[in-house]
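Chemist: The structure that follows is given in the form of structure tokens.
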Amino acid sequence: MALFIEVEVDPKVAGDAELAKKLIEVCPVNIFAQPTTGGLQIVDKHLDECTLCELCLNAAPPGTVRVRKLYADRAVLERG
């Protein structure tokens, strides 16, 4: 379970092979992976490695990926 960061991905993005691959490629800390069944998986053990670089937000359509800080002001980062 992550202590600092939570990542939410819209199911439509998670189910889109091209967008899923894009998210996997852009994340420098491997938060996203592709399970053998396809789609997109969030790797919980890597969530707290998030650098808040926003590469995932820029790789997906606006509003479909959200990064939530689980500390301080619980701010949500998303491209709107």
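Chemist: Taking all protein chains together and a probe of 1.4 Å, list LEU23, LEU3 from the most accessible to the least accessible.
Modeler: On the way: LEU23 0, LEU3 115 Å².
Largest accessible area first, the residues go LEU3, LEU23.
Chemist: Ok, one more. If I build a Gaussian network model for the chain, linking alpha-carbon pairs within less than 10 angstrom, which residue out of THR36, THR51, THR64 has the largest mean-square fluctuation?
Modeler: THR36
Chemist: Non-local amide H neighbours of GLU54 (under 5 Å, H modeled in plane, Pro and chain starts lacking H): which ones?
Modeler: Those qualifying (amide H under 5 Å, at least 5 residues apart or on another chain) number zero.
Chemist: Now, a different point. Once phi is turned into ³J(HN,Hα) by the Karplus curve 6.51 cos²θ - 1.76 cosθ + 1.60 with θ = phi - 60°, what whole-Hz value does each residue of region 41-50 show in order, with x for glycine and proline?
Modeler: 10, 8, 8, 3, 5, 9, 4, 6, 8, 3
Chemist: Same structure again: Would you calculate the separation in nanometres between label points at LYS21 and TYR71, each defined as 7 Å from the Cα along the Cα-to-beta-carbon direction?
Modeler: Placing both labels 7 Å along Cα→Cβ, they lie 3.6 nm apart.
Chemist: What accessible area per residue, rounded to a whole number of Å², is obtained for the chain using a probe radius of 1.4 Å?
Modeler: Numbers: 4950 Å² over 80 residues.
That works out to 62 Å² per residue.
Chemist: While we're here: Could you work out what % of the accessible surface of the chain is carbon and sulfur, using a 1.4 angstrom probe and leaving DNA, RNA and ligands out of the count?
Modeler: So the carbon and sulfur contribution to the accessible surface is 52 percent.
Chemist: Return P(r) of the chain (all Cα-Cα pairs; 10 Å bins starting at 0; whole %; ordered from short to long distances).
Modeler: Bin by bin from 0 Å, the calculated values are 20, 57, 22, 1.
Chemist: Another one. Taking only Cα atoms, what is the 0 to 90° angle, nearest 10, from helix 17-26's long axis to the longest principal axis of the chain?
Modeler: 50 degrees
Chemist: Relative to the present Cα-Cα distance, how much length would full extension add between LEU55 and VAL43 at 0.36 nm per residue of separation?
Modeler: Residue separation times 0.36 nm, minus the Cα-Cα distance, leaves 2.7 nm.
The values are calculated or read from the model by the stated rules, or taken from the named source; none is laboratory data. None of these values were measured; they are calculated from a predicted model. Because the Cβ atoms are built from the backbone with ideal geometry, glycine has one as well, and the counts that use them run over all protein chains shown. For the accessible areas, the whole protein counts, side chains as well, though only heavy atoms, and no ligand, DNA or RNA atoms are used. Shrake-Rupley method; radii C 1.70, N 1.55, O 1.52, S 1.80 Å.
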